[in-house]
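**Q** One structure coming up, written as structure tokens, with questions to follow.
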Protein chains: 2
Amino acid sequence: MTYNAVSPNVLAQFKSILEEQYIINAEKEEFQQYCQDQTEDLVFYPEIVLKPGSADEISQIMKICNEHQIAVTPRGAGTGLSGGALPVHQGVIISTERLNKIIEIDERNFQSTVEPGVINQVFQEAVKERGLFYPPDPASKGSCFLGGNLSLSAGGPKAVKYGVTKDYVLNIQVVLPSGEIIWTGANVLKNATGYNLTQLMIGSEGTLGIITKIVFRLIPFPAHTIVLLVPFRKEEEACAAVSKIMMAGIVPSGLEFMEREAILWSANYLKISMVVPDDIQAHLLIELDGNNLERLYQEAEHVYEVVGQFNIGEVLLADSEAQKNELWKIRRNIGNALRASTVCKDEDTVVPRAELPALLKGVKEIGNRYNFKTVCLGHAGDGNLHVNVIKGDMSDFDWQNTVPKGIHEIFELCVKLGGTISGEHGIGFVQRPFIGIALSDIHINLMRGIKQVFDPKGILNPGKIF
Amino acid sequence: MTYNAVSPNVLAQFKSILEEQYIINAEKEEFQQYCQDQTEDLVFYPEIVLKPGSADEISQIMKICNEHQIAVTPRGAGTGLSGGALPVHQGVIISTERLNKIIEIDERNFQSTVEPGVINQVFQEAVKERGLFYPPDPASKGSCFLGGNLSLSAGGPKAVKYGVTKDYVLNIQVVLPSGEIIWTGANVLKNATGYNLTQLMIGSEGTLGIITKIVFRLIPFPAHTIVLLVPFRKEEEACAAVSKIMMAGIVPSGLEFMEREAILWSANYLKISMVVPDDIQAHLLIELDGNNLERLYQEAEHVYEVVGQFNIGEVLLADSEAQKNELWKIRRNIGNALRASTVCKDEDTVVPRAELPALLKGVKEIGNRYNFKTVCLGHAGDGNLHVNVIKGDMSDFDWQNTVPKGIHEIFELCVKLGGTISGEHGIGFVQRPFIGIALSDIHINLMRGIKQVFDPKGILNPGKIF
């Protein structure tokens, strides 16, 4: 597919839709921030960045781009880890940052209607004030947009109990590549009225339409949480304990695995003093939630019993807000800590939960063989392990040639174990070369066919997924 | 679209795949049972019924039908209420009844792999023996197949707390119209690897592929349940109480609305003695579940407080297995009771929960205006109201001409209230004339486009949805 450049004529049309301040060209200082996301050190330049303020303006822009076959890359907060928001075919970036209103919180129906540029944490806090709970909370919740969360069906630590983004979306307003505006479903908890366009849109990484409104379902906010930090002397035992906890009938609201170095790296980055005895290889961060504090302490006792069967160090129980927040802060900043000191490739591996020990063992073995270092952490309760490959002082040649061979093997192992190559980060741009490991030509052809139905000219987020 | 008849040549090919006993023609006694489902009194005759025993045999059959442009209607247990399994274009019925194995229950991962012809209740009981829980349980759970449940994303009473079928499916093996066999996803809790073909398949009513294996996720089985039957003197107050219960922070595992006549009709059908005082217009059946019985009784107290604000009769609390089963049996048999004594149209309306009183009021007003009687019941916690239009001694002319006008208005009201025209029964054959109320031409064109990608010759379940 070839795309046309943004001609002076097209630019003039954009100027008739948007005020000057919402059209960002390379001469403006802020242009640079739209040329990268959080993926490795990749930089791609669009021709122009547009900041529309409504679905109607997006519709007008899409019609123009569709007519002139101009590549359009939708962009949220740019916190993605697979390069989904990078304008790899230049053209136009449409930023949803001005669509940042919480339109309604409907307490009677436990629903909320928002625009896609609302920050995840802002939304969580707004609904919490009404006693309601929106569980999906990616590590970047303080900056990522809800629209971007939908594009990848983002997860986060709470997914083990509460599911991922797709489990909270009832209805989406979308601008199609044609400029037409539709709602994908209805504002109801169950819907058997034709194909599920809502679920098709979620996880489609901005390749089928631009999200302009979202109706979420919410649940009652749980009154209490307790957090446990359990140090393990053997990494594989930390992984094995995950299944044991779940099989004991405990459903934690968070069940996170962190390698020794992950936690140290983050604590150091945050300047939090944290002593990890030399013989500790990994930690599990376990959160329990519910409405009855006494029951929670009983559940914590039960967790102690289960993890006590393994070779563990001293368990830290956090029940003050300050302690809990500090532990979660360490967990959430591992990615930032790594990225602040080295270039990383963040592989979003996912397998059936009980296969985690086999996956971790395989990852380390492959890393040794290809001579790269990994720092592993992630949502162990979901079988979702983030494998951070560290560049450090590796040569660019090895980074670009040798490492991908190792990643290829890691992904093959995921699929062999019943899993796949991305749990919540998406395929985007950087995982595209690996898609054939998870999907056959039959799958790809079906997906390409669907893409063609929505976007016959292929203008929307080209160069992504397949 | 026109379809070819099953020629002697094609029949000979079927005979090379299947033993004689698995090829059912009109001369065999059992043929008749494949010509209808539970939808009104509709009867459609296929040319032949095939009962393959494996995905591979289905694949071979599909290849033949695709080559010869023969209509194929997949069929589960035939418990559908929208005519989705009726062979409206004749051709071949493929029954999945022989694919009835529970292949694996994986206790380590809380997963199970099954064939589509497993009966819902058989599956529930098998996983319960391992301490696991598969919540979706349509009223027909004693006979309906899991494959059919996927085709409509079936719900049932537990959906208010636990969600519907789509929330428990991880991966599906599907035979495409081309005969190709694919898995739609991976056996993982989260998956951001390309478009969500799994969710696209669910609710597609057998128009995109034939389901041949399903991987479900399961959850721990809750140890205890309590059931409350609350009689209301005013129907609208029963509806209004639904929102109040949820807003009080209670998440029941069942929250069912039954009109006065619904419960009487069913008790009478089951020959269960049931006294309903003259001034009672409706009941709510409320189930609470959890692992701590003491907490459940506290929650039941809380429910009493909330419903006590309304004009109610004496609440029945059922905590013995016998009592609970009897109440659920009455609820589950309302549909059977109605169908045993009259032809019904079962409209599967769904709105945001808090709009239920407005929906019920509208339904009655429209029924009065068009002179038809309705018996209403359903999953009030989900805003899903089953409106049974009773034929009784109405003339065939009115049944076929006047009633649909009223139904049209009821569906328009649903959409106006933020809802849609089917929550869990699907569009199938009988709701197809109404699809335009919920979906625009843009939606229909997208769906037709998707259909075309999967099934270019349009052979799979033609005449359904759109």
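Bear in mind these aren't lab numbers, they're just calculated from the coordinates by the rules spelled out. Here the structure is a predicted model, which is why all the values come from computation and not from measurement. For neighbour counting, all protein chains shown are included, and Cβ atoms are generated from backbone atoms with ideal geometry for every residue, glycine included.
**Q** Wrap a convex hull around the Cα atoms of region A:224-335, take a quarter of its surface area, and give that in square nanometres.
**A** 6.4 nm²
**Q** With label points built 7 Å along Cα→Cβ from the Cα atoms of B:Ile103 and A:Arg108, find their separation and express it in nm.
**A** In this crude spin-label approximation the distance works out to 4.7 nm.
**Q** Quickly rank B:162-173, A:287-298, B:380-391 as a protection proxy: mean count of other C-beta atoms within 10 Å, highest first.
**A** Ranking, from highest mean packing down: B:380-391, B:162-173, A:287-298.
**Q** Calculate the mean, over all residues of peptide B:176-186, of how many other protein chain Cβ atoms lie within 10 angstrom of the residue's Cβ.
**A** Neighbouring Cβ atoms belonging to other protein chains average 3 per residue here.
**Q** Which order results if B:Met394, B:Met274, A:Met62 are arranged by neighbouring Cβ count within 10 Å, fewest first?
**A** Sorted ascending by nearby Cβ count, the order is B:Met274, B:Met394, A:Met62.
**Q** Residue by residue, what Karplus-based ³J(HN,Hα) values in Hz, rounded to whole numbers, does region A:458-466 have, using 6.51, -1.76 and 1.60 with θ = phi - 60° and x for Gly and Pro?
**A** x, 7, 8, 6, x, x, 10, 6, 9
**Q** What is the set of long-range amide H partners of A:Thr212 at a cut-off below 5 Å, with H atoms built 1.01 Å from backbone N?
**A** A:Gln173, A:Val174, A:Val175
**Q** Along the charge dipole of chain A, pointing to its positive end and built from +1/-1 on Cβ of Lys, Arg, Asp and Glu, which listed residue (A:Ala77, A:Gln173, A:Leu284) has its Cα farthest out?
**A** Of the candidates, A:Gln173 comes out farthest on the positive side.
**Q** Over the alpha carbons of region A:387-466, what is the largest minus smallest coordinate on each principal axis, giving the biggest first in Å?
**A** On the principal axes, region A:387-466 reaches 45, 29, 20 Å in Cα extent.
**Q** If we count other beta carbons within 10 Å of each Cβ, what is the order of B:Met1, A:Met246, fewest first?
**A** Going from sparsest to densest Cβ surroundings: B:Met1, A:Met246.
**Q** Mind putting a number on the dipole of region A:359-466 about its Cα centre? Charges go on the C-beta only, +1 for Lys and Arg and -1 for Asp and Glu, and I need it in Debye to the nearest 20.
**A** In debye, rounded to 20, region A:359-466 gives about 120.
**Q** Where Rh is the Kirkwood radius over the Cα pairs of chain A, the temperature 25 °C and the viscosity 0.890 mPa s, what D in µm²/s does Stokes-Einstein return?
**A** Translational diffusion coefficient: 106 µm²/s.
**Q** Under 5 Å between amide H atoms, partner at least 5 residues away or on a different chain: which partners does A:Gly290 have, H built in plane at 1.01 Å?
**A** A:Ala223, A:His224
**Q** Using a cut-off of 26 Å between alpha-carbon atoms, which lysines can reach A:Lys15, once sequence neighbours fewer than 8 places away in the same chain are excluded?
**A** The qualifying lysines are A:Lys28, A:Lys51, A:Lys63, A:Lys101, A:Lys213, A:Lys457.
**Q** Using a label position 7 Å from Cα in the Cα→Cβ direction, what is the ascending list of nm distances from B:Glu305 to the same site in the other copies?
**A** Going from nearest to farthest copy, the values are 3.1 nm.
**Q** Further question on the same structure: Across the residues of A:442-455, average count of Cβ atoms on other protein chains within 10 Å?
**A** Mean partner-chain Cβ count within 10 Å for A:442-455: 5.
**Q** Now for a different question. Could you line up B:Glu321, A:Glu67 from fewest to most neighbouring Cβ atoms inside 10 Å?
**A** Ascending number of Cβ neighbours within 10 Å: B:Glu321, A:Glu67.
**Q** Tell me, what HN-Hα J-couplings in whole Hz come from the Karplus equation 6.51 cos²θ - 1.76 cosθ + 1.60 at θ = phi - 60° for each residue of region A:49-64, using x for Gly and Pro?
**A** For region A:49-64, the Karplus-derived couplings read 10, 10, 10, x, x, 7, 4, 5, 5, 4, 4, 4, 5, 4, 4, 5 Hz, x marking Gly and Pro.
**Q** For a Förster distance of 30 Å, can you work out the FRET efficiency between the beta-carbons of A:Ser143 and A:His224, rounded to the nearest 0.05?
**A** Efficiency, rounded to the nearest 0.05: 0.65.
**Q** Under the Karplus relation 6.51 cos²θ - 1.76 cosθ + 1.60, θ = phi - 60°, what is the ordered set of whole-Hz ³J(HN,Hα) values for region B:75-91, x standing for Gly and Pro?
**A** Whole-Hz 3J(HN,Hα) from phi for region B:75-91: 9, x, 8, x, 9, x, 10, 10, x, x, 9, 7, x, 5, 10, 6, x.
**Q** What's the ranking of A:177-190, A:125-138 by average number of surrounding C-beta atoms within 10 Å, highest first?
**A** A:177-190, A:125-138
**Q** Measuring from a point 7 Å past the Cα of B:Ala248 along Cα-to-C-beta, which residues in region B:318-347 have an amide N at less than 17 Å?
**A** It comes to B:318, nothing else.
**Q** For B:Ser7 and B:Arg432, what does the FRET efficiency come to when R0 = 22 Å and r is the distance between their Cβ atoms, rounded to the nearest 0.05?
**A** 0.15
**Q** DSSP beta bridges in region B:28-152, what fraction antiparallel, as a percent rounded to 5?
**A** DSSP beta bridges in region B:28-152 are roughly 40 percent antiparallel.
**Q** In nanometres, what is the gap between the two model label sites at B:Ser320 and A:Asp41, each 7 Å from Cα along Cα-to-Cβ?
**A** If labels sit at B:Ser320 and A:Asp41, their model points lie 7.6 nm apart.
**Q** Could you work out how much longer the chain between B:Lys405 and B:Asp441 gets when fully extended? Use 0.36 nm per residue separation minus the Cα distance between them, nm to one decimal.
**A** Once the chain is fully extended between B:Lys405 and B:Asp441, it gains 10.8 nm.
**Q** OK, next. Residue farthest toward the positive end of the dipole of chain B, with Cβ of Lys/Arg at +1 and Asp/Glu at -1: which of B:Phe466, B:Leu317, B:Asn100?
**A** Looking along the dipole axis, the top candidate is B:Phe466.
**Q** What residues from region A:302-320 fall in the zone where the backbone N is under 19 Å from a label point 7 Å along the Cα-to-C-beta line of A:Arg233?
**A** Zone members listed by number: A:304-316.
**Q** With charges set only on the Cβ (+1 for Lys and Arg, -1 for Asp and Glu), what does the dipole of region B:8-98 come to about its Cα centre, in debye to the nearest 20?
**A** Its charge dipole is roughly 220 debye.
**Q** Let me ask you something else. So, with +1 on the Cβ of K and R and -1 on the Cβ of D and E, and no other charges, what is the size of the charge dipole of chain B about its Cα centre, to the nearest 20 debye?
**A** 720 debye
**Q** Here is a further query. Using a basic spin-label model with each label point 7 Å from the Cα along Cα→Cβ, how many nm lie between B:Lys416 and A:Ala340?
**A** Simple spin-label model gives 5.8 nm for this pair.
**Q** Quickly rank A:33-45, B:345-357 as a protection proxy: mean count of other C-beta atoms within 10 Å, highest first.
**A** Top of the packing list down: B:345-357, A:33-45.
**Q** Given R₀ = 56 Å, what would the calculated FRET efficiency be for B:Val275 paired with B:Glu129, taking r from the Cβ atoms and rounding to 0.05?
**A** That pair, B:Val275 with B:Glu129, gives E of 0.90.
**Q** Please compute the alpha carbon radius of gyration of the protein assembly as shown, then divide it by the globular-protein estimate 2.2 N^0.38 Å. Two decimals is fine.
**A** 0.94
**Q** Scan around B:Ala318 for amide H atoms under 5 Å from its own, H built in the peptide plane at 1.01 Å from N, and keep only partners 5 or more places away or cross-chain.
**A** B:Val227, B:Leu228, B:Leu229
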